[in-house]
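As structure tokens, the structure follows; a few thoughts come after it.
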Amino acid sequence: MSTHPLDDFAHGLPKAELHIHIEGSLEPELIFALGQRNQIELPYPDVESLRAAYAFTNLQSFLDIYYAGASVLITEQDFFDMAWAYFLRAKADNVIHAELFFDPQTHTERGIGFDTVINGLTRACQQAREQLGIRAELIMCFLRHLSEEEAFETLEQAKPHLGKFIGIGLDSSEVGHPPEKFARVFAEARKLGLRVVAHAGEEGPPEYIWSALDVLKVERIDHGVQSLKDQKLVERLVKERIPLTVCPLSNIKLCVFPDLGQHNLKQMLDLGIVATVNSDDPAYFGGYMNQNFHQPRAALDLDREHLKQLAANSFEASFATPEEKRAYGDRLEAYCAG
Ligand code: HPA
Ligand SMILES: [Zn+2]
């Protein structure tokens with residue numbers, strides 16, 4: 001099968017991934033292997049029947065199965081193995097910088113220690129730097145279907161580990177759980193010097209994006225695809241260069257858009273929004289980073305400049321240092337010149 005020349009170009013682009021839930025990188029094969037290692041009975045007889053259950057109608061229908069899949073993670077080694085498998089895939093897609101979301105409450109609720117989770121993930125991030133040349137960081141997410149009090153408890157558990165993660169995020173069921181529910185815990189995290197992001201405008205209305213910006217004071221918006229419904233919001237995103245971490249394949253699998261041809265990614269780029277593409281939960285949504293370039297490229301007829309802009313945006317939107325960003329930019333220019 002011949003590949004489109006622009007897909008070869010996109011494949012080789014150096015890029016940053018900024019919206020990946022590490023629990024969403026758990027492939028069915030690894031779920032079964034870890035289930036066996038930890039003697040956990042799964043409600044599916046084999047890998048094929050588990051994969052066959054990945055037919056989602058909305059965000060919640062996905063989250064139910066995603067939390068069930070994470071139940072096989074017990075030991076520090078399990079968390080390491082999950083993240084290491086992701087880094088090998090990321091390397092193959094020329095990801096050179098990755099900021100990984102993790103959901104501690106999914107695990108601490110089951111009696112797994114916070115330190116077990118973060119130490120396994122931290123070790124994988126270190127090894128990714130040393131062995132793969134990927135600069136990797138962690139962002140701790142609060143589950144928005146739980147209370148702010150529970151988020152505060154999680155922040156307390158995280159305090160002895162402040163050097164191991166760079167920021168906080170907000171994920172899980174969006175509608176009915178607006179950003180302002182977490183105003184105080186985000187304020188405390190900011191005081192601790194943590195970077196702040198939140199999922200907003202995936203299924204929820206543009207108002208949730210406004211409150212993520214104005215109440216939580218987030219530095220970038222995860223998803224944000226509903227922003228184009230609000231002209232004033234678009235003007236603000238463009239003027240303040242507030243990045244959106246868009247996840248095209250996720251949006252199709254969760255029925256946010258009927259098909260990729262109707263996705264608004266190209267419009268965002270043409271409007272001057274700092275949009276990036278990311279895989280979200282690649283084991284569940286059918287593609288890692290580069291598939292999130294190739295499939296929208298084909299469906300939306302993206303050109304070389306769009307693809308280069310997505311890579312440049314990923315570095316601008318990252319929490320890399322200014323020196324790292326300069327080095328990433330140089331690598332991107334060298335690649336595009338070569
Ligand atoms: O796409 C998502 N949205 C909200 N919560 C999530 N948790 C994992 N993936 C997602
Ligand atoms: Zn997400």
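What follows is calculated from the coordinates using simple rules that are stated; it is not laboratory data. Fair warning: this is a prediction, and the values are worked out from it, not measured in the lab. Neighbour counts are summed over all protein chains in view; Cβ atoms, including those assigned to glycine, are modelled from backbone coordinates with ideal geometry.
Scanning region 186-201 for residues that are more than 15 Å from ligand 1 (Cβ to nearest atom), aliphatic (A, V, I, L, M) and surrounded by 18 or more Cβ atoms within 10 Å (Cβ to Cβ) returns A189, L194, V196. Inclusion of G204 among residues that are within 16 Å of ligand 1 (Cβ to nearest atom), over 16 Å from the mean Cα position of the chain (by Cα), under 26 Å from F165 (Cβ atoms) and in a loop (DSSP other than H, G, I, E, B) is warranted. Only one entry in D301, D281 is charged (D, E, K, R) and closer than 27 Å to L59 by Cβ, namely D281. Checking I96, I112 one by one, the residue that is under 20 Å from L143 (Cα atoms) and more than 16 Å from ligand 1 (Cβ to nearest atom) is I112 and no other.
Which of the residues that make up region 55-102 are within 16 Å of ligand 2 (Cβ to nearest atom) and surrounded by fewer than 18 Cβ atoms within 10 Å (Cβ to Cβ)? Hits for region 55-102 are N58, Q60, S61, D64, I65, Y67.
Scanning region 148-197 for residues that are polar (S, T, N, Q) and touching a strand residue (DSSP E or B) at 6+ places or on another chain (Cβ under 9 Å) gives T154, S172, S173. Pairs linking a residue in region 60-87 that is in contact (Cβ under 8 Å) with a residue 40 or more places away in the chain and within 20 Å of G133 (Cβ to Cβ) to a residue that is among the β-branched types (V, I, T) and part of a helix (DSSP H, G or I), with Cβ atoms under 7 Å and 6 or more positions apart or on different chains, are A83/I22; Y86/I22.
Filtered by the rule that a residue be within 15 Å of ligand 1 (Cβ to nearest atom) and in a helix (DSSP H, G or I), region 227-259 gives P248, L249, S250, N251, I252, K253. Under the condition of being of a type in the set (K, R) and in contact (Cβ under 8 Å) with a residue 12 or more places away in the chain, the residues counted in region 225-253 number 4. For region 178-201, what are the residues that are in a strand (DSSP E or B) and either more than 13 Å from ligand 2 (Cβ to nearest atom) or small (G, A, S) (or both)? Within region 178-201, R195, V196, A198, A200 meet the criteria.
Do we have S318 as within 16 Å of ligand 1 (Cβ to nearest atom), under 30 Å from P28 (Cα atoms), touching a residue at least 12 places away in the same chain (Cβ under 8 Å) and of a type in the set (S, T, N, Q) here? Criteria not met by S318.
Here's a check for you: in region 207-226, which residue that is within 20 Å of the chain's Cα centre (by Cα) and part of a loop (DSSP other than H, G, I, E, B) is farthest from A317 (Cα to Cα)? Selected residue: L216.
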